[in-house]
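Reviewing the structure listed below.
The values are calculated or read from the model by the stated rules, or taken from the named source; none is laboratory data. A quick note: this is a predicted structure, and the numbers were derived from the prediction, not measured. Cβ placement follows ideal geometry from the backbone for every residue including glycine, while neighbour counts extend to all protein chains displayed.
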Amino acid sequence: MPFTYEKLLEELLVPRGGRPRKVFFAGKGGVGKTTLACTAALFAAERGNRTVLVTTDPASHIGEVFGVEVGPALRKIPHTDLWLVRIDPKAALENYQQAVLATVPDDAETQGRVREELNSPCTEEVAVFQHFLDFVLDDAFDVTVFDTAPTGHTVRLLQLAWDYAGELAGKTALSSETAALDGAQLAPRMQAAIQTLQDPGATSMLFVTLPEMTPIAEMERAIADLGRTGIATQAIIVNEVLPEEAATSPLFGKRLAKQMMYIDDLRPRHPAQAFATAPLQDDEILGVALLQQFGDQLIH
Amino acid sequence: MTQYLFFSGKGGVGKTSLSSATAVRLARQGARTLLVTTDPASNLGDVFGQAVGLDARPVAGVPGLFIQEINPEAALQSYKDRALAPMRALFPEQIVRAAEEKMSGPCTEEVATFDQFIACMQEPDYDWVVFDTAPTGHTLRLLELPGSWSVHITESAAGSGQTCMGPVESLTASQKEYDAALKALQSESQSTFVFVTQPSKLSIDEMMRASEELKKLGIHHQIAVLNGVIPEEERVHPYSQRRWRRQMPFVESLPQEFSGPVGMMPLYADEIKGIEMLERVGRDLDDAIHL
């Protein structure tokens, strides 16, 4: 057999030892994170776990995949234990701005300065992540699946924010995030969330890539970066691998051989991670039936 | 007047291949052409089999063609160096480190990259500048920046002079240039946007959304390329035939749905590398779309 297609371990997608599980799909745009997140969420739900699928991407198509509208309120998929929700970046940004402004001195000059900084294009990223943490900390569901994952940068940013909270008491304009941490419950919450992310008993960090040179190189950089924050990647999923029957086609056969070359090259570099290959499907994976079919091929 | 070509689309749809093939073709037709990649995942060096640098370099074997890379990491580093230098004298080491991490994110990287993107649009020496842009969401934010960013700069300059990216002076030097860049992007006689998509539902939906976004920004000169269409002679193999049946509805419907011209490009068995292969793709592309 020239080719082997390895399956993703079921234990990465369901609660372990009775603990609720958070499942993250990380990777660049276009590699299939959303499809895999939808597949994993439906799989977990169908095994009797109350499951929520969370997206932070305003352009996310989880709604298109399930054929329902998805908004900031939990939406149940009929006849399943699966709920969908989308974090609205604009609402997250507003809440975040309010939270920060409430924690800084109430004089016009400080408020004005912080408000101005909070209008900068970088704030939304932090605000969305703040809201994201609510779902990381919430144990109301057995399984929480995220179709995106924090990067090493995001985590370091938050760690720095609380490490230096004391020193930044002067509240220069660069420290509005820190101001928020000083105040309410944000610092301990954030610390707890990051501890959850670092705990393989509670979190699965799964990277998705394609069997091509540049997506693989990018993934390896991202895994290393995230690793520096103490968050280990538990599995690598190579998506869109051509099925074996394509091998006899003059066109697809040549492409498949190249894919296998990249996979054989990648595997030995990551002995600490579980490994899976997801076969390219004929149809775009839309709707519950195709998600189930894909799940059966992918998960073991 | 320099003409601009922007290749847009999700990661992995073939922007680098098609923009490279176009640039080779333009140069072969006698136009002095610069090909710029702003895609952090670009493999332009592999495609041409030669090193790509931060400055324009001639391509061996194709007179009149130059390639250049905007490396987001390098762009970010030089931006951070500029912005952090004045802070080092005023703040303790730990605070500077916190600020540096804060300036290490995708947002600042985009701003820094865009800074250099603008510089490439102001190269008067070329007849054509071809941009192999980054994936869709990224590209959109990049292109939305001239408007929203210049507003932000103005507001900030009136206030304390601080932005999340660093002191305003490291940004405003060329605010006029950003506004001019947006005008050039909107000019039908100067700029063309080529949307590359696969013949599949989500890829096309996303492209249509991106196309609408650009129209809202006043950018209307758009072409779509359906990439990876299974060639006719291959459609006899059972697997290829099944795949083709899935593509066919989109091949038929897109020309009706998309407001601009639509071209079709075949799926190739070989990786698109080397001048000879690029010339072959360029010929196919010339048949598919007219620039």
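Among the residues of region A:39-48, is any charged (D, E, K, R) and within 14 Å of another protein chain (Cβ to nearest Cβ)?
no
Would you mind stating whether B:GLN77 is assigned to a helix (DSSP H, G or I) and closer than 27 Å to B:ALA51 by Cα?
yes
Could you grab me the full set of residues in region B:74-99 that are more than 9 Å from chain A (Cβ to nearest Cβ) and surrounded by fewer than 18 Cβ atoms within 10 Å (Cβ to Cβ)?
B:ALA74, B:GLN77, B:SER78, B:ASP81, B:ARG82, B:ALA85, B:PRO86, B:ARG88, B:ALA89, B:LEU90, B:GLU93, B:VAL96
Restricting attention to region B:244-277, and to residues there that are of a type in the set (Gly, Ala, Ser) and touching a residue at least 12 places away in the same chain (Cβ under 8 Å), which single residue is surrounded by the fewest Cβ atoms within 10 Å (Cβ to Cβ)?
B:SER259
Given (1) modelled with pLDDT of 75 or more; (2) more than 16 Å from A:PHE24 (Cα to Cα), identify the lone condition not met by A:ASP147.
Just one mismatch for A:ASP147, condition (2).
Please work out which one of (1) at pLDDT below 95; (2) within 21 Å of the chain's Cα centre (by Cα) is the condition B:ALA269 fails and give its number.
(2)
Of the residues B:PHE131, B:PHE114, B:PHE66, which is among the aromatic types (Phe, Trp, Tyr), part of a helix (DSSP H, G or I) and under 23 Å from the mean Cα position of the chain (by Cα)?
Among B:PHE131, B:PHE114, B:PHE66, only B:PHE114 is among the aromatic types (Phe, Trp, Tyr), part of a helix (DSSP H, G or I) and under 23 Å from the mean Cα position of the chain (by Cα).
May I ask you to say which residue of B:GLU233, B:GLU252 is facing chain A (nearest Cβ under 10 Å) and not in a loop (DSSP other than H, G, I, E, B)?
After ruling out the rest, the residue left standing is B:GLU233.
Which residues, counting only those in region A:72-89, are in contact with a helix residue (DSSP H, G or I) (Cβ under 9 Å, 6 or more places away or on another chain) and loosely packed, with under 12 Cβ neighbours inside 10 Å?
If the condition is that a residue be in contact with a helix residue (DSSP H, G or I) (Cβ under 9 Å, 6 or more places away or on another chain) and loosely packed, with under 12 Cβ neighbours inside 10 Å, then A:HIS79 is the only one that fits.
What strands (runs of 3 or more DSSP E) completely inside region A:199-300 contain at least 1 residues that are within 11 Å of chain B (Cβ to nearest Cβ) and modelled with pLDDT of 95 or more?
Answer list for region A:199-300: A:203-209, A:235-241.
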